[in-house]
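Asker: So that we are looking at the same thing, I have put the structure below in structure tokens.
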Amino acid sequence: MALGPGKDIGMFMNTTRDIADTYALDISLPLWTDVVLVLVFIWNFALIVYALTTLWRRNFGLFVYVSISDVLTPSFYLLFLISMATNIGWLFSWCYDVIPLAFAFNVAQTTLFCITLLVVHRKLSVNLARMVHSQMSEVWCIRIIVNNGVALWTQWVFIHTLINLAQVMAYCGNVRQDIASTVSLCVFATDCVGWFIAENSVLDKYVRYTTTHYIADVIAMAAIVSQNTDFTSRNSILALVILVMCSVMFFMHVTFSVWRHILSVRGNIGFKKIPKVKTPIIRRAQSIGP
């Protein structure tokens, strides 16, 4: 609605593109990157459809929504709904040209989505030993549809939050827009490196199969580079370096994840083998004859 029709019917004063063009930056995203939003909406529509199917599908006599209620908990759905509500708040504040409020909504939305991801990843890890033998299809549905869908949306919102930060600094705080853009790029690069180290070490057992955030990173950096081809500019060079870095980290993370999955299937790492319970051998006492 905010891409055009919402303005035509009087719901919004401006389109999202109008405001983005008004507060232009070195790191502004071109129009074609809205394809990521289409991908986000498709992925999250799949999440809603999957959640609805658990209402009538059964597993070992139980409805699936009951058997996976320890993973997709009421708190997960509540956080997800509140996050979408903050997205609506951002949309109205952005289209009505209230940039500081839009930034606040984006910060809130990013925080809520991160908490949502924390909840669902931890719950899945805690219940994995129970589900792996009887509900492996549900485990993969949650990994692919839920975890990766929310992760893609979270990262895209985070990227827009950093762009909003630069806009607030440049147009409300009287900071030069190229410096504000550099600050946001540096924060983004630091976050990417820190997360890459964490997800491939201490957080591996939780987020091994979550990779879609790299799609958002690569597309965003490629878009910035594509419209800033003056490589004498500090921000163009920095965006190019981050693009290469994100692409390499994407490849490395997928490689690590596939390799560790193969090893876990073979039983070398990952899930511990369930020890076999030895049946005690009952020996009959020999009777001593007279």
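Asker: Hey, among 118, 101, which residue is out of contact with any strand residue (DSSP E or B) (no Cβ under 9 Å at 6 or more places or on another chain) and more than 20 Å from residue 74 (Cβ to Cβ)?
Answerer: Unique residue meeting the criteria: 101.
Asker: Additional query: Pick from the stretch 106-121 the residues that are open to solvent by 60 Å² or more (accessible area, probe 1.4 Å) and without any contact (Cβ under 8 Å) to a residue 24 or more places away in the chain: which of them is farthest from residue 143 (Cα to Cα)?
Answerer: 111
Asker: Another one. Being open to solvent by 10 Å² or more (accessible area, probe 1.4 Å), at pLDDT 95 or above, among the small types (Gly, Ala, Ser) and closer than 21 Å to residue 157 by Cα: is that true of residue 189 here? So that I can check it myself, show each step before the final result.
Answerer: Details: open to solvent by 10 Å² or more (accessible area, probe 1.4 Å): yes; at pLDDT 95 or above: yes; among the small types (Gly, Ala, Ser): yes; closer than 21 Å to residue 157 by Cα: yes.
Here the answer is yes, as residue 189 does meet what is asked.
Asker: Cβ-Cβ distance below 6 Å, separation of 6 or more or different chains: which pairs start in the stretch 179-201 with a residue that is over 17 Å from residue 114 (Cβ atoms) and end on one that is open to solvent by 30 Å² or more (accessible area, probe 1.4 Å) and part of a helix (DSSP H, G or I)?
Answerer: From the stretch 179-201, the pairs are 180/169; 184/165; 185/238; 200/256.
Asker: Next up: Is it true that residue 30 is loosely packed, with under 14 Cβ neighbours inside 10 Å, without any contact (Cβ under 8 Å) to a residue 24 or more places away in the chain and over 17 Å from the mean Cα position of the chain (by Cα)?
Answerer: On the way: loosely packed, with under 14 Cβ neighbours inside 10 Å: yes; without any contact (Cβ under 8 Å) to a residue 24 or more places away in the chain: no; over 17 Å from the mean Cα position of the chain (by Cα): yes.
The answer is no for residue 30.
Asker: Please go through the stretch 62-94 and give me each residue that is touching a residue at least 60 places away in the same chain (Cβ under 8 Å), open to solvent by less than 60 Å² (accessible area, probe 1.4 Å) and farther than 18 Å from residue 43 by Cα, ordered by number.
Answerer: 64, 67, 68, 71, 91, 94
Asker: What pairs come out if I take residues in the stretch 227-240 that are more than 13 Å from residue 186 (Cα to Cα) and pair them with residues that are modelled with pLDDT of 85 or more and outside any helix (DSSP H, G or I) whose C-beta lies under 9 Å away, six or more apart or interchain?
Answerer: That search, which allows pairs on different chains as well, returns 227/28; 227/29; 227/30; 228/26; 228/27; 233/26.
Asker: Would you pick out the residues in the stretch 216-240 that are open to solvent by 60 Å² or more (accessible area, probe 1.4 Å) and either out of contact with any helix residue (DSSP H, G or I) (no Cβ under 8 Å at 6 or more places or on another chain) or among the polar types (S, T, N, Q) (or both)?
Answerer: Filtering the stretch 216-240 for residues open to solvent by 60 Å² or more (accessible area, probe 1.4 Å) gives 226-227, 229-232, 234, 237, 240.
If the condition is that a residue be open to solvent by 60 Å² or more (accessible area, probe 1.4 Å) and either out of contact with any helix residue (DSSP H, G or I) (no Cβ under 8 Å at 6 or more places or on another chain) or among the polar types (S, T, N, Q) (or both), then 226, 227, 229, 232, 237 are the ones that fit.
Asker: Follow-up question, since we're still on this one. Collect the residues in the stretch 48-61 that are under 30 Å from residue 159 (Cβ atoms) and either within 18 Å of the chain's Cα centre (by Cα) or crowded, with 17+ Cβ neighbours inside 10 Å (or both), keeping them in residue-number order. Show your work before the answer.
Answerer: Residues of the stretch 48-61 that are under 30 Å from residue 159 (Cβ atoms), as a first pass: 48-52.
Within the stretch 48-61, 48, 50, 51 qualify.
The values are calculated or read from the model by the stated rules, or taken from the named source; none is laboratory data. Note that the coordinates shown come from a computational prediction; the quantities given were computed from them, not determined experimentally. As a convention, Cβ positions derive from the backbone with ideal geometry for all residues, glycine included, and neighbour counts pool all protein chains shown. Accessible surface areas use protein heavy atoms only, side chains included; no ligands, DNA or RNA. Shrake-Rupley method; radii C 1.70, N 1.55, O 1.52, S 1.80 Å.
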